[in-house]
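Worksheet for the structure shown next.
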Amino acid sequence: MVRHRFLVSAFVGSNPTTPARIVMLNNVFLSLNHCGFAFGKRKIFDDISLSIHRDDKTALVGKNGVGKTTLFNIISDKIKIDSGELWTNPSINIGYLNQREIFEEKISTLDFLRNHVDESDNIDFLIKKLCKGLKIDDSKTLEKLSGGMKRKLNLASVLIKDPDLLLLDEPTNHLDLESIEWLETFLVNEFKGSFLVISHNRSFLKKVTNKVFWIDRSKIRVSPKGFANFNEWSNSLIEQEKREIDNKKKVILRETEWLSKGVTARRKRNVRRKENFYNFKEDFENQRRDFLKSISKVKINYEENQTNTPNLLVNFFNVKKKFKVFGQEKVILKNFNYKFMKGEKIGIVGKNGSGKSTFLNLVVNKNTLDEGNIKIRKNVSISFFDQSGAQFNNNKSIKENLIPGGGDYLYVGEKKTHICGYLKNFLFDPKKIDYRVGLLSGGEKNRLLLAKILADPKEILILDEPTNDLDIETIDILIDFLKVYDGGVMVASHDKDFLEQVVEKYLFLDGNGNHKISLDWKTFSNQKINNVDQTTKQVEKNKNYKTENIEKTINRVLKKIEKKELKLSELTTSLEKHEFKNTRNSDEYNTLIQSIKETQEDLFFLEKEWRELEEKSMDIEGSK
């Protein structure tokens, strides 16, 4: 039986006018008691209870698919629980920021926000203040807004209502660093109500929360402290359950030993003891299985590339990119010169609309640039994590997207692996490999794209907002992978915690064509960006080379390399064919070994010379 009560007296009892009870009522915004909810046969919540009080600033955490957004829909009364009781304080109003905003009206952002609140004398002042804080141009019409700006507008449309209880589903997704900092300050210092927030951004959660709801195995665990204490608290619960499971295992071993001796005396009592044991064992096995599943993490097995990948991967020379935006020219990059090297991990940072995704797409499709040149080294390939999801066919299954050629196996590095075993590493149920990709959640699609890319990571990884919609556990594994990955990484992200753990330097774009390279992301918020071209002098110097002379020299060196490789092959074959007696004193043997060593040394220096000449050649081609 489900009860949804809005009567004050039903909550406080038979004497609702008692001052103490009224105070308690005013401090309780919402409560769920013994709630149960399922999608078909899949149980989402099992007998959960929780309450939200005044001034609660709560992080809602848990792995993808555990029911975080479902809980929001229950609280906002968009879906009904199967059992239990939901009570909502009748004196509060709830604001809900979801992940999917739809803007169809062809009106200004100012009028759009006016339509979301009741008329009042100072409403325009409040709207202007909010737009100023979020850097929203209130004069633009909705169809002229970028995706990031629409996300800000959606947030503003919720905040302008001044809700008592705020439900925030991934509020930092697609917000730039400046807007995230503004939101942090607003929630901590200005917002007077309570909120419940789903977010993968640990830095954000640590700053704004004082409580945690952790959804784990259809239950909700509550921490009275904020997310800053979450790791310590959750690890203590995990260790406590481990001890409980170990103690149960000892009981099972003891009872199993008793059973092995046979059951004779007091037959009825022994039969009951056997039944209790089998029930206990079944409960133990279920708990142990669910526990191991709950603490499992995505596993990414990576073997360093053993091939001689060149040090210089990408050479940018005088790159310029511009757009026509509603009849006006917008330059997002100009006079950009940079050498992107093997092992380099660089974060692309800037405000919404500054051109971060455009920059990454230039590397993937260099033909779209307007001026200059982007030279990618021969035999160097790119793996691209694209937030648009364009790399998947939504009408095809997970299996068809991952193995387009058919079959049940894919190569993970050089190892042939069954698709079910591989996808289990990314927390996918093997039974669902025939599900259409279009049915997956945003987080599941991102995990699948990671699985596709990391099965065979190329020499360059291009990652466009890879942490959006991922759970915190999966982000941790991605961080661990990127720390050991020996290729080059370019990543655009607004997640400061993620960037600080992964990248070594930052490329800041201001949206007006200017850029700056720094080792510290704080440079972005503390200084105005001016063009800094550290490679111009080197490029000008390289212009003095004559292309035809370089090409001739390269061809000459390549011929020498070819001859040395042939000689080394002949010497090695000769060593394998001959049987030397008393090899230590054999002059023929020692001469052959010495020749092999000398040939290998010559080959090493010739290849080094060839790589240096190729880099010079790339500089010259880029300057054309």
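Matching residues to (1) touching a Leu at 6+ places or on another chain (Cβ under 8 Å); (2) of a type in the set (G, A, S); (3) more than 22 Å from Q391 (Cα to Cα):
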position	(1), (2), (3)
Y435	no, no, no
G442	no, yes, no
L448	yes, no, no
I453	yes, no, no
T467	yes, no, no
D471	no, no, no
G488	yes, yes, no
V502	yes, no, yes
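So for the stretch 222-234 (the condition being over 26 Å from the mean Cα position of the chain (by Cα) and open to solvent by 10 Å² or more (accessible area, probe 1.4 Å)), does at least one residue qualify? Checked against the condition, which is being over 26 Å from the mean Cα position of the chain (by Cα) and open to solvent by 10 Å² or more (accessible area, probe 1.4 Å), the stretch 222-234 yields at least one hit. Being in contact (Cβ under 8 Å) with a residue 24 or more places away in the chain, open to solvent by 40 Å² or more (accessible area, probe 1.4 Å) and in a helix (DSSP H, G or I) is the filter; apply it to the stretch 106-150 and report the residue that is farthest from K356 (Cα to Cα). This residue is L126.
Per the listing K415, K452, K432, K396, the residue uniquely under 17 Å from the mean Cα position of the chain (by Cα) and either more than 28 Å from G147 (Cβ to Cβ) or of a type in the set (D, E, K, R) (or both) is K452. Residues in the stretch 558-578 that are at pLDDT below 80 and either of a type in the set (D, E) or touching an Asp or Glu at 6+ places or on another chain (Cβ under 8 Å) (or both): E576, H578. Pick from the stretch 165-205 the residues that are closer than 19 Å to G442 by Cα and either in contact with a Cys (Cβ under 9 Å, 6 or more places away or on another chain) or among the polar types (S, T, N, Q) (or both): which of them is surrounded by the fewest Cβ atoms within 10 Å (Cβ to Cβ)? Ranking the candidates gives N173 first.
In the set S49, S76, S91, only one residue is open to solvent by 70 Å² or more (accessible area, probe 1.4 Å), at pLDDT 90 or above and of a type in the set (G, A, S); that residue is S91. Taking the stretch 157-184 as the range and being within 25 Å of the chain's Cα centre (by Cα) and outside any loop (DSSP other than H, G, I, E, B) as the test, the residues that pass are L166, L167, L168, D169, L177, E178, S179, I180, E181, W182, L183, E184.
Here is the figure for the stretch 423-436: residues that are modelled with pLDDT of 85 or more and surrounded by 20 or more Cβ atoms within 10 Å (Cβ to Cβ) total 1.
The values are calculated or read from the model by the stated rules, or taken from the named source; none is laboratory data. Bear in mind the structure is a predicted one, so any value in this text is a computation, not a measurement. Neighbour counts run over all protein chains shown; Cβ positions are idealised from the backbone, glycine included. Remember, those area values only see protein heavy atoms, side chains included, never the ligands or the DNA or RNA. Shrake-Rupley method; radii C 1.70, N 1.55, O 1.52, S 1.80 Å.
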